[in-house]
Amino acid sequence: RRLVEVNAASAELASGEALLFFRDVTSELELSRMKTRFLANAAHEMRAPMGSIRGFAELLLVRDYPREQAREMLDTVHRQAIRLNTLLGDLLELSKLEAQGPAAMPLGPVSIGEVANRAMKLMRLPGDKRVLTQTSDDELLQVHGHGARLEQVLINLLSNAVKYSPAGGDVALVIDSTSDAVPAGWCAVRVRDSGLGISPEHVNQLFTHFFRADPQGPIVGTGLGLVIVKELVERMGGRIDVSSELGVGSTFTVWLRRDGTTAEPPALAAA
Ligand code: ADP
C-alpha cells in the first residue's frame, strides 16, 4: 500500500479543468515512523537504569543503611550510571554518523594488517586466559577504508567475541584475501569465537537498533554496537555478514575492497 499526497488547489486551468499533483510520500512517512520508533526505543532503554539510579539514591537519602548494604546499593547505582553512559555514547556516535557527510570519513588505502595489530593489542589484557590469535595471508595488503574507523569496527567485533564467550574460549582474527571463498578484488576479515553463538531466528535481527538476544541476561550491552559497525563498514564500500551456531560460536566477516578495485561486492549469507 502506498501513500499519496494530492494537491489540486494550485492548478485551476482556464478551461475549467483541474490538474491534480500526486506525490508518493510512503518512504518519507516510513522514515519519520522509524525515527519515532527509534526515539521511543532509546527512551525505553534509558528508563530502566535511570529508574534504578533514582530509586537507590532516594532510599539512601531517606534512611541510614548498614555500611555493607549501602555499598551494594551504590555499586548498583555506579553500574547503572556506566550503562547509561555507554548507551548515550553509542547514541551520540550513531547520530553523529547520520549527520556527517562522506567528507568526515575520507577513504583511502589502509594497511589492514596494521589496523588488526592495533585492535588486537587493545584486546589483550594481562591475566586473561582467552587465546587470541591473528593470522593473515598477506601482511602488506592494502584495503579501501578509513584506518581509525576500521580499527573501531574490529575492536567492536573483538569485544563482542570476548564478551559473548563467558567461559573463555578462543577468539581468532583472520585476514583472508586468497582463499576460494574470497572474490577477486576483495578481502575478508573474520572475527571468530567459540562462545554462546546466535540462534537462526536472531541472526537476521543482529544489525537492528537495540536488538539483544538476551536483554535480561548477565552480559551488559546496548544493542547498538553492531548497528554502528555495519554503518561504518558500508560507508567504506564494504559489507558485513555473520554465520553462527547456537552453543558453538560465531564468525563475523567484514568484506572490504582491496585498494584500487572496482569489483562487485560478494553475495552474502545474512546481513
Ligand atoms: P551489545 O553487545 O551492546 O548488546 P551489539 O549490537 O554489539 O550490542 O550486539 C547485539 C546482540 O547480538 C548482542 O546483545 C548479542 O545478543 C548478539 N551478539 C553480538 N555479537 C555476538 C557474538 N560474538 N556471539 C554471540 N552473540 C553475539
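The values are calculated or read from the model by the stated rules, or taken from the named source; none is laboratory data. Predicted, not measured: the structure shown is a model, and the values here were computed from it. All Cβ positions, even for glycine, are placed from backbone atoms using ideal geometry, and neighbour counts span all protein chains on display.
Could you tell me whether Val143 is away from the ligand (no atom under 13 Å from the Cβ), in contact with a Cys (Cβ under 7 Å, 6 or more places away or on another chain), among the β-branched types (Val, Ile, Thr) and modelled with pLDDT of 95 or more?
Values: away from the ligand (no atom under 13 Å from the Cβ): yes; in contact with a Cys (Cβ under 7 Å, 6 or more places away or on another chain): yes; among the β-branched types (Val, Ile, Thr): yes; modelled with pLDDT of 95 or more: yes.
Spelling it out, Val143 is indeed away from the ligand (no atom under 13 Å from the Cβ), in contact with a Cys (Cβ under 7 Å, 6 or more places away or on another chain), among the β-branched types (Val, Ile, Thr) and modelled with pLDDT of 95 or more.
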Evaluate the stretch 6-20: report whether one residue or more is of a type outside the set (A, V, I, L, M, F, W, C), in a helix (DSSP H, G or I), at pLDDT below 90 and surrounded by 11 or more Cβ atoms within 10 Å (Cβ to Cβ).
no
Sole exception among (1) in contact (Cβ under 8 Å) with a residue 40 or more places away in the chain; (2) surrounded by 14 or more Cβ atoms within 10 Å (Cβ to Cβ); (3) polar (S, T, N, Q) for Ser111, by number
(1)
Are any of the residues in the stretch 165-185 crowded, with 18+ Cβ neighbours inside 10 Å and near the ligand (Cβ under 8 Å from one of its atoms)?
yes
